[in-house]
Amino acid sequence: MTRQTWHSILCTSVMLAFLMPSTASSQATRGASTVAPLPHSVFLEELTWVEVRDAIATGHGTVIVPVSATEQNGPYLALGKHTFVITGISEAIARTLGNALVAPVVPLGPGGSIDPPRGHMRWPGSMGVRPEIYQAWLTDVLDNLRHHGFQDIVVISEHEGSSSPDAPGPISETVTAANERWGPGKTRAHFIPEYRDELANDRHASTFLRDVLGVVEEVVDQEVPESGDNYLQDGRNPVGTHEGYYFSAVVMAVNPKAVRAAERIAAGPELSYGVDWGSPEQLAANGKKIIEFRARVTAEHIRKAIADSRGP
């Protein structure tokens, strides 16, 4: 056999070894119970296809789909607030679960109308998509992830919660339709409305901010006309926490360039819901605590949703 023939055989063997499932993958396929650690990242876009393949095969059968929005958040917080928040919390949730990856963030949602300008479309930079496009986009994301072998596809949303049979909302409708279309099988999609709902109840924002961080905001409750030019222009708005301490702290921990912390602090507590923010460093430190707390609570809901879907 010639040297050239040996070289060809060697090259072919190396190529086949690369393309065939790894030993770890083969063991997982045969029923290995351990979840292999991820060496690089939990984010799909930061992994190679080989790493995603092996992660799924070695126990990372859950994937989180973060849904966000791009909208105005007053003069001190960037338009990508929701994307930065859900990116940071999704990573923490995946690491808390221990067997999950994170899909790319869906950055746009329904955000009002252009003609006439309504909702978030009244402020420069806000972006949205039509509800039917939104649902079609999310449908394709769910189908993609199912195709690649994920068993539990978990949707969390920065902009939609309070799902109920009477008012399911576009995400809940899309997830329900996906499960019905897929039929019986190992893959299920799950919408976790508690991720958003618990911003307002005693398991999250007000209690945690007050009891753990010592932050009590003065929520502004005045009525603002739909066409009011001052809405979200002076740092105070009727929803209270739209650009308040919670969101600003989390974004400061994830992407500090998106927070105008120095300007906000200089403006004083009267433009910060009555709260003295201290320093940018303290804001970021509290943001990390909020992320850790939210990850633990949301992970509980995800585990329950998955267990309930599998039955007794």
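For residues that are modelled with pLDDT of 95 or more and over 16 Å from the mean Cα position of the chain (by Cα), tally how many sit in the range 183-192.
The total comes to 2.
Could you list, in sequence order, all residues of the range 139-156 that are in contact with a strand residue (DSSP E or B) (Cβ under 9 Å, 6 or more places away or on another chain) and either among the hydroxyl-bearing types (Ser, Thr, Tyr) or more than 23 Å from Arg196 (Cβ to Cβ) (or both)?
Arg146, His148, Gln151, listed by residue number.
Give the range 46-61 a look and list any residue that's more than 16 Å from Arg146 (Cα to Cα) and either in contact with a Lys or Arg (Cβ under 8 Å, 6 or more places away or on another chain) or outside any helix (DSSP H, G or I) (or both), or say none.
Once the filter is applied, which keeps residues that are more than 16 Å from Arg146 (Cα to Cα) and either in contact with a Lys or Arg (Cβ under 8 Å, 6 or more places away or on another chain) or outside any helix (DSSP H, G or I) (or both), the range 46-61 yields Leu47, Thr48, Thr58.
So, in the range 202-230, of the ones that are in contact with a Pro (Cβ under 8 Å, 6 or more places away or on another chain) and surrounded by 14 or more Cβ atoms within 10 Å (Cβ to Cβ), which residue ends up modelled with the highest pLDDT?
The selected residue is Val220.
Mind checking which pairs have a first residue in the range 109-130 that is closer than 14 Å to Ala69 by Cα and free of Cβ contacts under 8 Å to residues at least 12 places away in the same chain and a second that is assigned to a loop (DSSP other than H, G, I, E, B) and of a type outside the set (D, E, K, R), Cβ under 7 Å, 6 or more apart or different chains?
The qualifying pairs are Gly119/Gly111; Gly119/Gly112; Gly119/Ser113; Met121/Gly111; Met121/Gly112; Met121/Ser113; Met121/Ile114; Met121/Gly128.
Can you name the residue in the range 274-312 that is over 20 Å from Ala253 (Cα atoms) and assigned to a loop (DSSP other than H, G, I, E, B) and is also modelled with the highest pLDDT among such residues?
Gly274
Every residue, every condition in (1) in a loop (DSSP other than H, G, I, E, B); (2) modelled with pLDDT of 85 or more; (3) of a type in the set (A, V, I, L, M); (4) buried (at least 19 other Cβ atoms within 10 Å of the Cβ), yes or no:
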residue: Gly149; (1), (2), (3), (4): yes, yes, no, no
residue: Glu160; (1), (2), (3), (4): yes, no, no, yes
residue: Ser164; (1), (2), (3), (4): yes, no, no, no
residue: Arg181; (1), (2), (3), (4): no, yes, no, no
residue: Ala200; (1), (2), (3), (4): yes, no, yes, no
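Of the numbered conditions (1) crowded, with 18+ Cβ neighbours inside 10 Å; (2) under 30 Å from Arg296 (Cα atoms); (3) in contact with an Asp or Glu (Cβ under 9 Å, 6 or more places away or on another chain), Gln135 fails exactly one; give the number of that condition.
Among (1) crowded, with 18+ Cβ neighbours inside 10 Å; (2) under 30 Å from Arg296 (Cα atoms); (3) in contact with an Asp or Glu (Cβ under 9 Å, 6 or more places away or on another chain), Gln135 violates only (1).
Pairs under 7 Å by beta carbon, first residue in a loop (DSSP other than H, G, I, E, B) in the range 62-89, partner of a type in the set (S, T, N, Q) and at pLDDT 95 or above, six or more apart or different chains?
Ser68/Thr83
Conditions: (1) more than 16 Å from Arg210 (Cα to Cα); (2) surrounded by fewer than 20 Cβ atoms within 10 Å (Cβ to Cβ); (3) under 27 Å from the mean Cα position of the chain (by Cα); (4) not aliphatic (A, V, I, L, M). Phe293 meets all but one. Number of the miss?
Condition (1) is where Phe293 drops out.
Which residues, taken from the range 248-281, are closer than 20 Å to Ala92 by Cα and of a type in the set (S, T, N, Q)?
Ser248, Asn255
Anything in the range 244-259 that is at pLDDT 90 or above and either out of contact with any helix residue (DSSP H, G or I) (no Cβ under 6 Å at 6 or more places or on another chain) or in a loop (DSSP other than H, G, I, E, B) (or both)? List them, or say none.
If the condition is that a residue be at pLDDT 90 or above and either out of contact with any helix residue (DSSP H, G or I) (no Cβ under 6 Å at 6 or more places or on another chain) or in a loop (DSSP other than H, G, I, E, B) (or both), then Ser248, Asn255, Pro256, Lys257 are the ones that fit.
Quick check on my filter: what residues within the range 109-147 are part of a loop (DSSP other than H, G, I, E, B) and among the charged types (D, E, K, R)?
Asp115, Arg118, Arg130
The values are calculated or read from the model by the stated rules, or taken from the named source; none is laboratory data. The model shown is predicted, which means the values in this text are computed figures rather than measured ones. Because the Cβ atoms are built from the backbone with ideal geometry, glycine has one as well, and the counts that use them run over all protein chains shown.
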